[in-house]
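Peer 1: Here it is, the structure, as structure tokens.
Each reported figure results from applying straightforward, stated rules to the coordinates on display, with no laboratory input. The model shown is predicted, which means the values in this text are computed figures rather than measured ones. Glycine also receives a Cβ, built like all others from the backbone with ideal geometry; neighbour counts cover every protein chain displayed.
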Amino acid sequence: MADKEANIYIVDVGASTAECHNGRIESDLEYGMKYVWEKIGLALQANRKGLGLGVIALRHDETKVDLEDVEGYENIAVLKDLGPIEMSHLKDLQKKIVPSSTDFGDALSAMILAVHMIENFTQLKTGKPGKYKQKRVVLVTNGQGPMDGNDLDSLAEKVNELEIELIVVGIDFDDLEYGFKEEDKPSNKRRNEKVLKVLVESCKGGKFATMAEVLESFAEPEVKVPRPYCNYRGRLSLGDYNKYADTAAYIDVVRYFKTHQARPPGASSFVNKTSVSNGEASGQDTEMTDAPDLSAVKNSTTYKIFDPSAPGGKRDINREELSKAYCYGSTAVPISASEENVTKLETVQSFEIIGFIHNDKYDRYLNMGECNITVAQNVNDKAKMALSSLIHALHELDSYAVARIVTKDGKDPQLLVMAPSFENGVEALLDVPLPFAEDVRTHSFPPLDRVITISGATMKKHRNLPNEDLVKSMSDYVDSMDLSTFGTDENGQPTEYMTIEETYMPGLHRINQAIRTRAVQPDKPIEDPPEVLVKWSHPPSELAKKSAPKLQKLVEAADVKKVADKVRGKRTRDQIKPLSGLDVNSLLNSQKPRAARKITMANSIPDFKQLLEATVSSSEILELVTQMAEVIYKMVANTLTDGSFDIVTANMRVLRSQMMDLEMPEIYNDFIRAFKQKLIAGELFENNFASNERELWFRVKSKRLGLIDKEVSEHSDISKEEAAQFYVLSTELPSRAK
């Protein structure tokens, strides 16, 4: 298979790797394993069967090699044989990769062993090496162990023969191009660096890098390029060649995906087995191979219908008894399975051009989906010539072709617009889906540069239209924020700042980063997203500073003013001002001492409103509400006839509306809860008549004086369902039935 890979990572675990160097607080092994864990995490996330991965430990306490003669391979251990990687292997490696107690072990011998393992793994039954897309040996070392450099030529020759890519990643290795050099380097490490560099230079495609550069490169996300996928293979026709063989034509073509939207991986739901009380139920769940303590969550859906004869007024039914219905406005229209078959088009596989359109007549907003590419069949010279003629004709006439495609029998048809392409020397047709007439929604919007009055007159100057100064200020500010020439190329010339190739999807790569971190190192916190992902979320600071004067002029031209924050406890409704301009309420309130401001039974509503106008703090509002509540309770206690409930509900309505105006619904909600509790407990009426209590609650419910929910006030934390349930009065009211 062309997409198979065989990668072996050689990890140096010598005793010296437990030390910290160059101001780091982590050991050399921990520093180097960042690279290895990231690569293993990417391999696990790819989940490809053809991806083989092996791990060899260098300078290990033990010797574990599958060779007849282990002489020369001492202190080298194969921690994982070359093959597919799974989570169980990862957990095993995390336990085994720890600093050893020895510094003996030859890195070149470890590389010879890795090459031998790849050669055996990639051979087919014929004895010849198989076709692998990638064969790679990666050495991660701090270069402080003994190394025999006498047999470099034979090793390089074998690496080149098997077309293996040899990569050496050194911890604190010198790299003048990157700009790193370790001071006071031990002599043996300096010598080992030279030996490894000579070996890499002798190998075709060999790479030599310092660990700091490699870890820095991980900040840039790895873009996955999917394999070409053919979604149509057949004829592209111009006219009906079955009926009109003399005038119609067809070309044998193949259609592939050109672009495909990348989506973040989906999550599955699992539950701990220990939390399942019924052992039989948990045994029916599908277990995860690498997570024996988890079981998959199963979804169960029940369907209920209204049935007055059933307990509770509802009964369960099976899904098979349901009918499929479609929404038509607010009405559900049922359609049976036999009737639904009539709506399905009986289509056959086809790809036909139904017309042409000039470039200028096509609106780009009509593009409906992902791009595909159509090329001639590979071994058909006649088709290549015919398709090339069509592509050149479209290009010379500045036109597009409109086509109808059915990829498989029974599939829904699609309309396509096809454009000629000559990218990378390949002549092809690029297509995107078009909407059908039913998919197009036409909306009319008023013009932005003029105002049309009801009489039909056109006004160029209006309070809703920008003036010339504002238009010019906005234009200058937009020009000052131009990104098309803000970047610089290799030669220092102005170039585009934000290119498509450097623009990544933050959500996709951030989720993948979080999954890898949590899988490889569960106890480690997820690091902040790399700068390359959030770089485009804010404008460049230099450009923003440069355009600041233009922005200030725009603010002045637009007369931008800061809107004061909303203050709770202040009224949101506009107060009615008398024509005389005299504030009567403030005069009345000022004539009363603050201590004498009380709500009276005879004049409760005016007193409450006037005193609220003079409040300056939340504590004073709460004190007035407490007084109003006591007045309401006294009114209920003095009620003797049903008709007198109106004055009680009127006071409650005023209390509710005032708290909504002040954006303090929680105060009224506390009052109405206490009101209901006192009503149920029989504490409101002196004679404790249940009939009066039920009648009063009926009045409260009919006038909608219950809890203030979120839909009524955005400052409330009560849901609509909770507010509706609050009106239900249980049978806890005292009963006089005998």
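Peer 1: Determine, from the Cβ-Cβ distance of residue 157 and residue 233 and an R0 of 51 Å, the FRET efficiency 1/(1 + (r/R0)^6), rounded to the nearest 0.05. Present the calculation step by step, with values, prior to reporting the outcome.
Peer 2: Numbers: r = 45 Å, r/R0 = 0.87.
Given R0 = 51 Å and the Cβ-Cβ separation, E is 0.70.
Peer 1: Quote to one decimal, in nm, the extra length available between residue 174 and residue 207 on full extension: 0.36 nm per residue of separation minus the C-alpha distance between them.
Peer 2: Gain on extension, residue 174 to residue 207, equals 10.5 nm.
Peer 1: Hey, rough spin-label estimate for residue 120 and residue 165, points 7 angstrom out along Cα→Cβ, what's it come to in nanometres?
Peer 2: Distance between the two pseudo-spin positions: 2.5 nm.
Peer 1: Please identify which residues in the stretch 653-676 have an amide N closer than 13 Å to a label point set 7 Å out from the Cα of residue 704, following the Cα→Cβ vector.
Peer 2: Residues 657 qualify, since their backbone N sits under 13 Å from the label point.
Peer 1: Tell me which residues come under 5 Å, amide H to amide H, from residue 315 once H is placed; ignore anything under 5 positions away on its chain.
Peer 2: Placed amide hydrogens put 305, 307 under 5 Å from residue 315.
Peer 1: Can you give me the angle between helix 618-637 and the longest principal axis of the chain, using Cα atoms only, in degrees from 0 to 90, rounded to the nearest 10?
Peer 2: Once rounded, the angle reads 50 degrees.
Peer 1: Could you list 20, 371, 230, 203 in order of exposure, starting from the residue whose Cβ has the fewest other Cβ atoms within 10 Å? Please report the intermediate quantities before stating the final value.
Peer 2: On the way: 20 12, 371 15, 230 9, 203 22.
Fewest to most other Cβ atoms nearby, the residues stand as 230, 20, 371, 203.
Peer 1: Now for a different question. Compute the distance in nm between two label points, each set 7 Å from the Cα along the Cα-to-Cβ direction, one at residue 469 and one at residue 184.
Peer 2: A separation of 6.7 nm, rounded to one decimal place.
Peer 1: Just want the ordering: 660, 418, from fewest to most Cβ atoms lying within 10 Å of their own Cβ.
Peer 2: Details: 660 18, 418 24.
The order, fewest Cβ neighbours first, is 660, 418.
Peer 1: Among the aspartates and glutamates, select those whose C-alpha is under 12 Å from the C-alpha of residue 49, and discard any that sit fewer than 8 residues away in the same chain.
Peer 2: 3, 5, 86
Peer 1: In addition: Tell me, what is the FRET efficiency for residue 371 and residue 638 to the nearest 0.05, using R0 = 60 angstrom and their Cβ-Cβ distance as r?
Peer 2: Details: r = 79 Å, r/R0 = 1.32.
For R0 = 60 Å, the calculated efficiency reads 0.15.
Peer 1: Can you work out ³J(HN,Hα) from phi for every residue in the stretch 251-256, in order, using Karplus 6.51 cos²θ - 1.76 cosθ + 1.60 and θ = phi - 60°, giving whole Hz and x for Gly and Pro?
Peer 2: 10, 6, 10, 10, 10, 10
Peer 1: Now a separate question. Among (i) 134; (ii) 357; (iii) 384, which is the computed volume of the Cα convex hull per residue in Å³?
Peer 2: Matching the structure shown: (iii).
Peer 1: Also, quick follow-up: Determine the relative contact order of the chain: mean sequence separation of Cα pairs under 8 Å and six or more apart, normalised by residue count, in whole percent.
Peer 2: Numbers: 1008 pairs, mean separation 52.1, N = 738.
Answer for the chain is 7 percent.
Peer 1: In nanometres, what is the gap between the two model label sites at residue 342 and residue 502, each 7 Å from Cα along Cα-to-Cβ?
Peer 2: Distance between the two pseudo-spin positions: 6.1 nm.
Peer 1: Something else: In whole Hz, with x marking every Gly and Pro, tabulate ³J(HN,Hα) for the stretch 265-271 from phi via Karplus 6.51 cos²θ - 1.76 cosθ + 1.60, θ = phi - 60°.
Peer 2: Residue by residue, the stretch 265-271 yields x, x, 9, 10, 9, 9, 9 Hz.
Peer 1: Based on the Cβ-Cβ distance of residue 458 and residue 511, what FRET efficiency does E = 1/(1 + (r/R0)^6) give at R0 = 51 Å, to the nearest 0.05?
Peer 2: Numbers: r = 52 Å, r/R0 = 1.02.
Result of the calculation: an efficiency of 0.45.
Peer 1: To test your reading of the geometry: what angle, between 0 and 90 degrees and rounded to tens, separates the Cα axis of helix 187-202 from the longest principal axis of the chain?
Peer 2: Around 80 degrees separate the two axes.
Peer 1: If you stretched the chain out fully between residue 191 and residue 134, how much longer would it get, using 0.36 nm times the residue separation minus the C-alpha to C-alpha distance?
Peer 2: Working: separation 57, 0.36 × 57 = 20.52 nm, distance 3.02 nm.
Between residue 191 and residue 134, full extension yields an extra 17.5 nm.
Peer 1: Run lengths n ≥ 4 of DSSP H only: what is the helix-derived mean residue ellipticity at 222 nm for the chain, with -39500 (n - 2.57) per run over all residues, to the nearest 500?
Peer 2: Working: 21 runs with 246 residues, N = 738.
Value at 222 nm, helices only, nearest 500: -10500 deg cm²/dmol.
Peer 1: What do you get for trypsin sites (Lys or Arg not before Pro) in the stretch 180-260 restricted to DSSP loop and a cutoff of at most 12 other Cβ within 10 Å of the site's Cβ?
Peer 2: Details: sites: 181, 189, 190, 191, 194, 197, 204, 207, 224, 233, 235, 243, 255, 258; in loops: 181, 204, 224, 243, 258.
Listed in order of number, the matching sites are 181, 204, 224, 243.
Peer 1: Percent relative contact order of the stretch 5-217, based on C-alpha pairs within less than 8 angstrom and at least six residues apart? Could the numbers behind the result be given before it?
Peer 2: Working: 392 pairs, mean separation 47.6, N = 213.
RCO, the stretch 5-217: 22 percent.
Peer 1: Taking the Cα of residue 622, stepping 7 Å toward and past its beta carbon, and measuring to each backbone N in the stretch 656-676: which are under 19 Å?
Peer 2: Answer for this model: 656, 658-675.
Peer 1: Fewest Cβ neighbours within 10 Å first, please rank 697, 536, 37 accordingly.
Peer 2: By the 10 Å Cβ count, ascending: 536, 697, 37.
Peer 1: Relative to the first principal axis of the alpha-carbon coordinates of the chain, what is the inclination of helix 381-396, with its axis defined by its Cα atoms, in degrees from 0 to 90 and to the nearest 10?
Peer 2: In the chain, helix 381-396 runs at an angle near 50 degrees to the longest axis.
Peer 1: Same structure again: What list of ³J(HN,Hα) couplings, whole Hz, do you get for the stretch 525-531 from phi and the Karplus terms 6.51, -1.76, 1.60, once you set θ to phi - 60° and write x for glycine and proline?
Peer 2: Using θ = phi - 60°, the values come out as x, 6, 6, 5, x, x, 4 Hz.
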